[in-house]
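Undergrad: Okay, here's the structure, questions in a sec.
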Amino acid sequence: MAGSKNYDGILLGMGNPLLDISAVVDEDFLTKYDVKLNNAILAEEKHLPMYEEMSSKFNVEYIAGGATQNSIKVAQWMLQIPGATSYMGSIGKDKYGEAMKKDATAAGLNVHYYEDESAPTGTCGVCVVGGERSLIANLSAANCYKVDHLKKPENWALVEKAKFYYIAGFFLTVSPESIQLVSEHAAANNKIFTMNLSAPFICEFFKDAQEKFLPYMDFVFGNETEAITFSRVHGWETEDVEQIAIKISQLPKATGTYKRTTVITQGADPVVVAEDGKVTKYPVIPLPKEKLVDTNGAGDAFVGGFMSQLVKEKSIEECVKAGCYASNVVIQRSGCTYPEKPDFN
């Protein structure tokens, strides 16, 4: 492989490692726990019995997840270059944590987890109905990530080695200090910093934190629901995803090195990419309804595919194609999983 040596640790992700507890549930279950499809929320008191009930009532699968970790795993899978990606986040010292470590390492990630003594490894209830998913995250140990872990020489070395960074918006609720260090490092060293809107509740309730880091974002990812929430929260009075994507791309930047690109996925509808004040739309790969298993990880996989080509300095069109390919693979399987080798060229 030509020049694969300079891919060493080229992409770094930071986020909330969660063990997905995934099951096909029914409408009654959604109603009981006040869960809306195609949404992602943090667990409240009322949701806590849900995980046990899922395990006892439905056919449950346990899959290592967490948005950022999913994306980094998919990028690593698409790249097929050992050691190209690294990941940091916080897990508990327990069997779920061990399972997570095993899974991520097997996926080829260079993981540097902070291991929290006091809290169990975070979990995410994935409720699937008709192929659509809803995520209810109980962060636990994932919520305990400390900036001191990032500052340790062996961990900061991962930051210095990387040239591209991806952090899901969910991490804004956990360690903004860590995001600040990484985003400032990226800006100072002409590296590419990317984030995701991640969920309507992030755009709404963590608006200030999100706004603080927007100037550093060279790429902003999201889906149409998040984009529309972002627009409403910012008083833009438009639900036109193309207009919103342009407006996000034109928000102020911390450096002039790169222009900002906004990439918004819309399920089966075309991907909207805004840069330089104009929009390009890219169709996704059509999938017959009967082939859809679940949409869990679809957006994460898209980002992973996209980033796998971005680190190779491919065109935006190529990046989007790779994103669409990866998410098409993932939605035909349970959770954010994929076959042994990608079939993408």
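Undergrad: Which of the peptides 216-225, 328-337, 63-72 is most tightly packed, and how do the rest follow, going by the mean number of other Cβ atoms within 10 Å of each residue?
TA: 63-72, 216-225, 328-337
Undergrad: Quote the charge dipole size of the stretch 161-246 about the Cα centre in Debye, to the nearest 20; the model charges only the Cβ of Lys and Arg (+1) and of Asp and Glu (-1).
TA: 520
Undergrad: Hey, another quick one. Count the lysine pairs in the stretch 203-345 whose Cα atoms sit under 13 Å apart, keeping only pairs 8 or more residues apart in sequence or on different chains.
TA: 5
Undergrad: I've got another one for you. Figure the gain on full extension for N6 and E318 (residue separation times 0.36 nm, minus the Cα-Cα span) and round it to one decimal in nm.
TA: 110.3 nm
Undergrad: Something else now. At a probe size of 1.4 Å, how large is the accessible area of K247, to the nearest 10 Å²?
TA: 80
Undergrad: Check which residues have an amide H placed less than 5 Å from G267's amide H, if you skip close sequence neighbours.
TA: E224
Undergrad: Output ³J(HN,Hα) for the stretch 189-202: one whole-Hz value per residue in order, computed from phi by the Karplus curve 6.51 cos²θ - 1.76 cosθ + 1.60 with θ = phi - 60°, and x for Gly and Pro.
TA: Values per residue, Gly and Pro as x: 10, 6, 9, 9, 10, 10, 9, 10, 5, 6, 6, x, 5, 5 Hz.
Undergrad: I want the local charge near I72. Using Cβ-Cβ distances under 13 Å, sum +1 for each Lys or Arg and -1 for each Asp or Glu among the other residues.
TA: Once positives and negatives cancel, what remains is -1.
Undergrad: Another one. Per the Kirkwood treatment, what hydrodynamic radius in Å, one decimal, follows for the stretch 145-188 from the mean inverse distance over all distinct Cα pairs?
TA: Value: 10.8 Å, from the Cα pair sum.
Undergrad: Report, in deg cm²/dmol and to the nearest 500, the calculated mean residue ellipticity at 222 nm for the chain, where each DSSP H run with n ≥ 4 adds -39500 (n - 2.57) and the sum is divided by the residue count.
TA: Dividing the helical sum by the residues of the chain leaves -10500 deg cm²/dmol.
Undergrad: Out of the DSSP beta bridges found with both residues in the chain, what percent are antiparallel (nearest 5)?
TA: 35
Undergrad: Which distance in nm do the two modelled labels at D240 and D343 give, with both placed 7 Å along the Cα-to-Cβ direction?
TA: Modelled inter-label distance: 4.1 nm.
Undergrad: For the chain, what is the accessible area per residue in Å² when the probe is 1.4 Å?
TA: I get 42 Å² per residue for the chain.
Undergrad: In whole percent, how big is the carbon plus sulfur part of the accessible area of the stretch 96-171, probe 1.4 Å, protein atoms only?
TA: Here carbon and sulfur together make up 53 percent of the probe-accessible area.
Undergrad: Given the whole protein assembly as supplied and a 1.4 Å probe, what does the accessible area of L181 come to in Å², nearest 10?
TA: In the full protein context, L181 sits at about 50 Å².
Undergrad: Let me know the shape class of the stretch 198-343, please: from the alpha-carbon gyration tensor, a ≥ b ≥ c as square roots of the eigenvalues, rounded when a/c is under 1.5, otherwise prolate if a/b is greater than b/c, or oblate.
TA: Judged from the Cα gyration tensor, the stretch 198-343 comes out prolate (a/c at least 1.5, a/b above b/c).
Undergrad: May I pose another question? Please report, in Å, the Rg and the Dmax of the stretch 1-59, where both are computed over Cα atoms only.
TA: 18.6, 55
Undergrad: If you take the Cα Rg of the stretch 136-269 and divide it by 2.2 N^0.38 Å, with N the number of residues, what do you get?
TA: Dividing the Cα Rg of the stretch 136-269 by 2.2 N^0.38 Å gives 1.07.
Undergrad: Further question: Once the convex hull of the alpha carbons of the stretch 1-150 is built, what does its volume come to per residue, in cubic angstrom?
TA: 116
Undergrad: Right, next: Over the chain, calculate the relative contact order: mean separation of alpha carbon pairs under 8 Å at least 6 apart, over the residue count, as a percent.
TA: 18
Undergrad: Would you mind calculating the gained length between E117 and K95 on full extension (0.36 nm times residue separation, minus the Cα-Cα distance), in nm to one decimal?
TA: 6.6 nm
The values are calculated or read from the model by the stated rules, or taken from the named source; none is laboratory data. Everything numeric here is computed off the predicted structure, so don't read it as measured data. No Cβ is skipped: glycine too gets one built from the backbone with ideal geometry, and neighbour counts run over all protein chains shown. Heavy atoms of the whole protein, side chains included, go into the accessibility calculation; ligands, DNA and RNA do not. Shrake-Rupley method; radii C 1.70, N 1.55, O 1.52, S 1.80 Å.
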